[in-house]
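The values are calculated or read from the model by the stated rules, or taken from the named source; none is laboratory data. Given the structure is predicted, the values throughout are model-derived calculations rather than measurements. Here the Cβ is made from the backbone with ideal geometry for all residues, glycine too, and neighbour counts use every protein chain on show.
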Amino acid sequence: MGSAAQKMCKLDVKELLKILNQAYAEEWLAYYQYWIGSQIIAGPMRPLVQDEFMEHAKEELGHAQLLADRIIQLGGTPLLAPSEWLQKAHCGYEVPRDESTMALLKQNLDSERCAIARYQQICEFCFGKDYETFNISLKIMHDELEHEQDWEDFIRDLKDGARFYKEKI
C-alpha cells in the first residue's frame, strides 16, 4: 500500500479489503447476469431492454475495475478465481429460469437493491475514515440507484402497456 494511502485510511484495512472483494465479486456476477439476460430475453420491449442490459453490463464491469484498482491501492489482491465470486458475494447470481422481459427485469431489480445496500454499507463503514473508498462507493451507489430506477420504469411501462392492451380488446 502506498504511504499516502496508509496515512489516509483510518480503518481496519484487512476488513475493508474483505468487504471490497465481496463487492468486487458481486460486480462480476452482476455483469454476467446482465450479459446473459441480454442474450436470452424474449417478449415485449425486448430490443430496448436488451440494449439496456448490455449498457448496464458495461457499467458493472467498470465498477469491478474501480474496486480492483482500490483493492490494489490498499495493498490487497482482487479475487483471482471466478469460482470465488459465488463463495464471497452476498448479492449472488440468480440463474435466469424465465426468459420473459418482466421476469428478467424483476430479477435484476432485486439484484440492484442488494447492490444499493452493499454500497450503503461501504459508505457508512468508510465515512470520515477513508475518503477515497467512500467516494468510489458513493459513485457506484449512484449508478446502482439509477439502475434500480431504470428497471422500475420498464416494469411500470410493461404493466401500463398490458392494461392498455386489455382495455382495447
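Hey, among the residues in region 84-100 that are part of a loop (DSSP other than H, G, I, E, B), among the hydrophobic types (A, V, I, L, M, F, W, C) and surrounded by 16 or more Cβ atoms within 10 Å (Cβ to Cβ), which one's modelled with the highest pLDDT? Spell out how you get there, then give the answer.
As a first pass, look at region 84-100 and keep what is part of a loop (DSSP other than H, G, I, E, B): 89-99.
Going one step further and asking which of them are among the hydrophobic types (A, V, I, L, M, F, W, C), we end up with 89, 91, 95.
Next, from what is left, pick out any that are surrounded by 16 or more Cβ atoms within 10 Å (Cβ to Cβ): 89, 91.
Working: Ala89: 97, Cys91: 94.
Once the filter is applied, the top-ranked residue is Ala89.
Here are some residues: Ile136, Ile155. Which one is closer than 22 Å to Asn21 by Cα, in a helix (DSSP H, G or I), in contact (Cβ under 8 Å) with a residue 24 or more places away in the chain and of a type in the set (A, V, I, L, M)? So that I can check it myself, show each step before the final result.
Numbers: Ile155 fails: closer than 22 Å to Asn21 by Cα.
Result: Ile136 is the single residue among Ile136, Ile155 that is closer than 22 Å to Asn21 by Cα, in a helix (DSSP H, G or I), in contact (Cβ under 8 Å) with a residue 24 or more places away in the chain and of a type in the set (A, V, I, L, M).
Please work out if Leu61 is crowded, with 16+ Cβ neighbours inside 10 Å and more than 20 Å from Asp150 (Cα to Cα).
Numbers: crowded, with 16+ Cβ neighbours inside 10 Å: yes; more than 20 Å from Asp150 (Cα to Cα): no.
Against the criterion (crowded, with 16+ Cβ neighbours inside 10 Å and more than 20 Å from Asp150 (Cα to Cα)), Leu61 does not qualify.
Quick test for you: out of Ala81, Ala117, Ala103, pick the one residue that is under 19 Å from Gln33 (Cβ atoms), of a type outside the set (S, T, N, Q), surrounded by fewer than 15 Cβ atoms within 10 Å (Cβ to Cβ) and more than 14 Å from the chain's Cα centre (by Cα). Lay out the reasoning, then the answer.
Working: Ala117 fails: more than 14 Å from the chain's Cα centre (by Cα); Ala103 fails: surrounded by fewer than 15 Cβ atoms within 10 Å (Cβ to Cβ).
Answer to the check: Ala81.
Look at region 64-83 and say how many of its residues are of a type outside the set (S, T, N, Q) and either touching a strand residue (DSSP E or B) at 6+ places or on another chain (Cβ under 7 Å) or part of a helix (DSSP H, G or I) (or both).
Residues in region 64-83 being of a type outside the set (S, T, N, Q) and either touching a strand residue (DSSP E or B) at 6+ places or on another chain (Cβ under 7 Å) or part of a helix (DSSP H, G or I) (or both): 9 in total.
Condition check ((1) outside any helix (DSSP H, G or I); (2) surrounded by fewer than 17 Cβ atoms within 10 Å (Cβ to Cβ); (3) at pLDDT 95 or above; (4) among the charged types (D, E, K, R)) across all residues:
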{"position": "Ala5", "(1), (2), (3), (4)": "no, yes, no, no"}
{"position": "Ala23", "(1), (2), (3), (4)": "no, no, yes, no"}
{"position": "Glu26", "(1), (2), (3), (4)": "no, no, yes, yes"}
{"position": "Tyr34", "(1), (2), (3), (4)": "no, no, yes, no"}
{"position": "Val49", "(1), (2), (3), (4)": "no, no, yes, no"}
